[in-house]
Structure formats: structure tokens, C-alpha cells
1. Where a Cα-Cα gap under 21 Å defines reach, which lysines qualify for Lys45, not counting those fewer than 8 residues away within the same chain?
2. Pull out a ≥ b ≥ c, the square roots of the eigenvalues of the alpha-carbon gyration tensor of segment 1-116, then state rounded if a/c is under 1.5, prolate if not and a/b is larger than b/c, and oblate in the remaining case.
3. Enter the accessible area of Thr26 (Å², nearest 10), with the probe set to 1.4 Å and all protein chains included.
4. With the cut-off at 27 Å, tell me which of the pairs Lys52/Lys134; Lys58/Lys139; Lys97/Lys139; Lys58/Lys93 have Cα atoms farther apart than that.
5. Taking Cα pairs under 8 Å and at least six residues apart, what relative contact order does segment 1-60 come out at, in percent?
6. For Met95, Met82, give me the order by solvent-accessible area with a 1.4 Å probe, most accessible first, ignoring ligands, DNA and RNA.
Amino acid sequence: VENSLNDSLKRLKTDYVDIYLWHSPTTEEIRNCTRGFSEICEENKSNGKLKKWGISLKSPSDIEFIPEGLYPDILQLNFNVMDQRALYLNRLKEMNKHSTTLVARTPLFFGFLANKNLYRREFDNYDHRQQLDKASVRKLSLYSRFLTSGLYENGNLIPMTELSLRYI
């Protein structure tokens, strides 16, 4: 972590970064490595190399694997009009209790709220949406067609992409 941070600072030609995120750790890594990661990050906050640190979780339910007392400054979770697991699982209340900031992942629901016809699209090998099975992509595309038309507000049609970004 220390070497990665220093390499990033050198490449960015800066003395500090605003946010340092640990992306998509496994539940085992969260359980076993968060303490070490947080200690390194807190030390680098003290010496001014970073302002805030956080974890970008694969799922809102992964919060339960963060060891007690080690809440990061920021948690990045899937959260949008279609995916409200963080709300239903009471994760937002838990984050608020620890003064942890939410950074919403997938605000346009993997592009399905961006009025794109993803049903017929082939995703390249580096696109995480390729992991979705065809039936899920078809179902999400059908939902998104319904939603992407938007809603009326004061007589004006507001596209779903705008409403989605307002939501977060």
C-alpha cells in the first residue's frame, strides 16, 4: 500500500491525494487486511500524503466484514434508483453512525439507465457487465426501457439519467 501510494504521488506529481480507495477486496481480505490497510492510511493522513481513505466494496452486504472500530472515511457502494440494497440493509444508517461518506457506484446502473440498448450489445473482456448472464441483461434492458423515458415534472419530461443523478 505504501509503495503504491508513493508511486501514485510520483506519477501525479503531487504531495498528496484527496482519496485513496481500496477497490473490490474479497470478504476474506476485508476481514483479514482492513486493520493493516487502515493503519497505513491513517499514518499517511497524519503525514499529509492523503486526506481520506476508503474501500470500494463489491456489495453493500460486505460492510459486515469490516472489523469493529475500523470504519473508513469513505465507502463506495452500488447505490442508484434500481439498486437500493444499501438502504434496505440499513447500511446507510450504519455508515452515518461512523461518519463514513457514501460514494455511489453505478449511478446509471451499469448504463441501463442511460437509455442505451444494452440487450444487443456484446461487452468486451474488460467490461464487468460481461459477467451478467444474457437473461439478466435482457431483463435489465426491459426495465430500463420503461424507466429511460423519464418522468414529467412541472409539465416537462425529465430524462431518467438526469433523475438518477439527482437521486444520488
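The values are calculated or read from the model by the stated rules, or taken from the named source; none is laboratory data. As the structure is a computational prediction, the values presented were derived from the model and not from experiment. Side chains are part of the model used for accessible areas, which takes the heavy atoms of the whole protein and leaves out ligands, DNA and RNA. Shrake-Rupley method; radii C 1.70, N 1.55, O 1.52, S 1.80 Å.
1. Of all the lysines, those that pass the test against Lys45 - Cα under 21 Å, at least 8 places apart if same chain - are Lys10, Lys13.
2. Values: a/c = 2.10, a/b = 1.40, b/c = 1.50.
Here segment 1-116 falls in the oblate category.
3. For Thr26, solvent-accessible area is about 60 Å².
4. On the way: Lys52/Lys134 39 Å; Lys58/Lys139 21 Å; Lys97/Lys139 36 Å; Lys58/Lys93 19 Å.
Cα-Cα > 27 Å for Lys52/Lys134; Lys97/Lys139; rest within.
5. Reported as a whole number, the value is 48 percent.
6. Met82, Met95
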